[in-house]
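One structure below.
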Amino acid sequence: MSFTFSKHQIPLFSRSLVVITLVGFLLRVLAARGELWLDEIWSLTLLEEISSWHEVFWKIPNVNNHMLNSLWLWLVGEDAHPIWQRFASILLGTGAIPAAALFARRHAGEAAGVATALIFACGHIFVHYGSEARGYSGLILMTVLCADAADRFIAAPQRRGPVFQFALYAALGTFFHLIMIVSVSIICGAATFMLLLNPARFRDKGLPLLRLAVAALVGISPAIACLHIAASLKGYVVLGAQEPFSLIDLTEGLAGAARSTLGLPAAMPDFPIIAITTIVICAALRVCPPRLLAVSVFALLLLPAVELWFEPSNLRYARFHLPAACFLALLTGAAVGVLWSYGGWRKNAAVALAAAGLVGHAALLSHLLLVGRGASADAIAQMMRAGPARYETNAPETRWVIEFQLRRLGVKSLTTTSPEAACDTPADWYVLTTDRRYPDGREVESFGPAECPATFQRVAHYPAAPLSGLDWTLYHRSPQIAPRLDQPLISR
């Protein structure tokens with residue numbers, strides 16, 4: 001007996017999805033090269049507090065403990081290759097591609113599925129966080145799967161499978177990152193709205209609404225309970241750095257997420273990004289199916305309004321807007337697919353929009369793929385080119401990164417200067433860490449105690465990756481140059 005197999009037996013959508021998924025996997029592997037950056041190092045450092053894998057869940061009272069990601073890091077170890085440490089995120093990020101494509105296809109057709117797959121496969125924000133040894137990749141996948149389960153539940157509230165799946169995905173997502181609570185809230189709000197629009201009697205809507213609410217609470221409770229247990233055992237909980245709310249920071253965070261989701265230029269200011277994204281959302285809402293429209297309104301219009309009202313902290317970082325980025329990608333992909341299905345000039349417009357987005361994402365990804373998330377190994381090599389040396393920095397986080405890389409490289413001849421000996425033996429090198437919004441391009445810097453400041457000449461600049469990393473400028477001590485007196489001296 002013989003079997004024949006033809007590619008024509010496999011639908012075009014399936015073949016396209018396989019190819020796009022493989023491209024997304026390759027992009028994530030390429031983006032995972034290079035050294036770990038600050039937040040990934042922080043995840044590894046937290047594991048020093050525990051002695052067994054299960055303690056990941058109940059013995060680290062820190063919201064930056066992305067539990068399932070920490071479990072992976074515990075299993076592979078601190079000394080594993082960065083790609084291997086990021087491999088769980090790579091797989092999860094790759095899995096989000098077909099999950100999002102199938103969700104979009106059910107709503108708006110195969111063209112929408114392909115367009116959505118392209119965004120999740122090649123989108124800057126999804127490749128970046130889909131190749132980082134943190135919990136964001138799992139958050140993205142579980143957000144999409146939760147939305148899919150809730151959508152199937154709305155279509156058939158009497159079925160039990162979707163609501164159980166919703167609770168499971170919510171639980172996994174929260175164990176990856178507590179921001180999953182935002183995703184669950186968005187999806188529950190949209191699902192409740194759609195159920196209330198159902199023409200059935202109100203009492204017939206009550207049970208499905210109750211089941212959905214219970215599923216959401218059951219889903220998010222285990223991770224919260226684990227954090228509570230850890231906090232009770234230690235007597236404290238660490239929230240990490242908290243930057244107070246400001247409208248500028250909210251605008252920067254939303255614009256950063258939108259830019260990296262739609263592939264808009266890196267040089268474009270934040271307010272035009274917000275304006276263009278608003279136009280895209282309004283245009284997409286006119287053509288998208290109702291159920292996708294509802295969740296998009298909650299994620300993209302109501303969520304920023306809630307953030308503006310309650311003024312939470314740390315909103316200038318695009319990663320804290322990942323739930324909104326997921327739904328913006330789903331909405332945009334569906335809209336492009338609907339345009340394609342109209343045919344004629346609209347089909348050409350859909351192709352042009354998709355091509356423009358891919359070109360934009362390629363430009364945004366170029367830095368990450370070519371440079372990576374950090375260059376501390378290069379900076380260390382530069383500082384040690386003449387043998388043992390001493391360095392100083394203006395930022396504690398920079399010291400953490402350098403010390404971690406020194407341990408990984410087995411280098412002990414690059415040290416910091418003690419405060420007591422700063423005047424007698426000043427540092428040979430100075431690493432200046434600046435906010436990427438306000439880069440410092442001065443050629444000469446002064447650093448040290450006020451009574452004996454040292455002067456440093458600029459040697460190299462290591463720019464940060466667009467969504468993560470530290471912006472470093474490396475300086476070498478130059479005794480011949482007098483200290484700058486027109487700037488405040490940084491004293492320890």
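Being closer than 21 Å to Ala363 by Cα and buried (at least 24 other Cβ atoms within 10 Å of the Cβ) is a property that does not hold for Ser89.
Being out of contact with any helix residue (DSSP H, G or I) (no Cβ under 7 Å at 6 or more places or on another chain), surrounded by 15 or more Cβ atoms within 10 Å (Cβ to Cβ) and not assigned by TED's automatic domain parsing to the domain that holds Ala32 is not true of Ala386. Given the criteria more than 25 Å from Ala258 (Cβ to Cβ) and either β-branched (Val, Ile, Thr) or not assigned by TED's automatic domain parsing to the domain that holds Tyr169 (or both), does Val56 qualify? Yes: the conditions hold for Val56.
When Ala464, Ala427 are screened for being outside the structural domain of Ala266 (by TED's automatic domain parsing), under 26 Å from the mean Cα position of the chain (by Cα) and part of a loop (DSSP other than H, G, I, E, B), only Ala464 passes.
Results for (1) touching a residue at least 60 places away in the same chain (Cβ under 8 Å); (2) among the small types (Gly, Ala, Ser); (3) surrounded by 23 or more Cβ atoms within 10 Å (Cβ to Cβ), shown as yes or no for each residue.
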residue	(1), (2), (3)
Ser313	yes, yes, no
Arg316	yes, no, no
His321	yes, no, yes
Ala324	yes, yes, yes
Leu328	yes, no, yes
Gly337	yes, yes, yes
Trp340	yes, no, yes
Trp345	no, no, no
Ala352	no, yes, no
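Filtering segment 119-164 to residues that are farther than 22 Å from Val182 by Cα and surrounded by fewer than 24 Cβ atoms within 10 Å (Cβ to Cβ) leaves Cys122, Ala155, Ala156, Pro157, Gln158, Arg159, Arg160, Gly161.
Of all residues in segment 13-52, those satisfying the criterion of being part of a helix (DSSP H, G or I), among the hydroxyl-bearing types (Ser, Thr, Tyr) and farther than 25 Å from Phe103 by Cα are Ser43, Thr45.
Could you look through segment 442-456, keep only residues that are touching a Lys or Arg at 6+ places or on another chain (Cβ under 8 Å) and either at pLDDT 85 or above or not in a loop (DSSP other than H, G, I, E, B) (or both), and pick out the one that is nearest to Ser366 (Cα to Cα)? The extreme case among them is Glu443. The condition (being touching a helix residue (DSSP H, G or I) at 6+ places or on another chain (Cβ under 8 Å) and at positive phi) is satisfied by just one residue among Gly240, Gly263, Gly256, Gly189: Gly263.
For the structure I just gave you, tell me whether Ala231 is surrounded by 21 or more Cβ atoms within 10 Å (Cβ to Cβ), in contact (Cβ under 8 Å) with a residue 24 or more places away in the chain and in a helix (DSSP H, G or I). It is false that Ala231 is surrounded by 21 or more Cβ atoms within 10 Å (Cβ to Cβ), in contact (Cβ under 8 Å) with a residue 24 or more places away in the chain and in a helix (DSSP H, G or I). Of all residues in segment 240-263, none satisfies being touching a Gly at 6+ places or on another chain (Cβ under 8 Å) and either modelled with pLDDT under 90 or farther than 30 Å from Leu358 by Cβ (or both). Would you tally the residues in segment 375-409 being part of a helix (DSSP H, G or I) and in contact (Cβ under 8 Å) with a residue 24 or more places away in the chain? Going through segment 375-409 one residue at a time, the tally reaches 17. Residues in segment 401-410 that are within 17 Å of Asp79 (Cβ to Cβ) and surrounded by 16 or more Cβ atoms within 10 Å (Cβ to Cβ): Val401, Phe404, Gln405, Leu406, Arg408.
In the condition set (1) part of a helix (DSSP H, G or I); (2) surrounded by fewer than 22 Cβ atoms within 10 Å (Cβ to Cβ), Ala80 is compliant with all but (1). Out of the helices (runs of 4 or more DSSP H) lying entirely within segment 290-345, which hold 3 or more residues that are out of contact with any strand residue (DSSP E or B) (no Cβ under 9 Å at 6 or more places or on another chain) and closer than 18 Å to His177 by Cβ? Answer list for segment 290-345: 322-342.
Among the residues of segment 156-174, write down those that are aromatic (Phe, Trp, Tyr) and either assigned to a loop (DSSP other than H, G, I, E, B) or in contact with a Gly (Cβ under 8 Å, 6 or more places away or on another chain) (or both). Once the filter is applied, which keeps residues that are aromatic (Phe, Trp, Tyr) and either assigned to a loop (DSSP other than H, G, I, E, B) or in contact with a Gly (Cβ under 8 Å, 6 or more places away or on another chain) (or both), segment 156-174 yields Phe166, Tyr169.
The values are calculated or read from the model by the stated rules, or taken from the named source; none is laboratory data. Predicted model only: the values in this text are computed from it and were never measured. With ideal geometry, Cβ positions are generated from the backbone for all residues, glycine too; neighbour counts draw on all protein chains shown.
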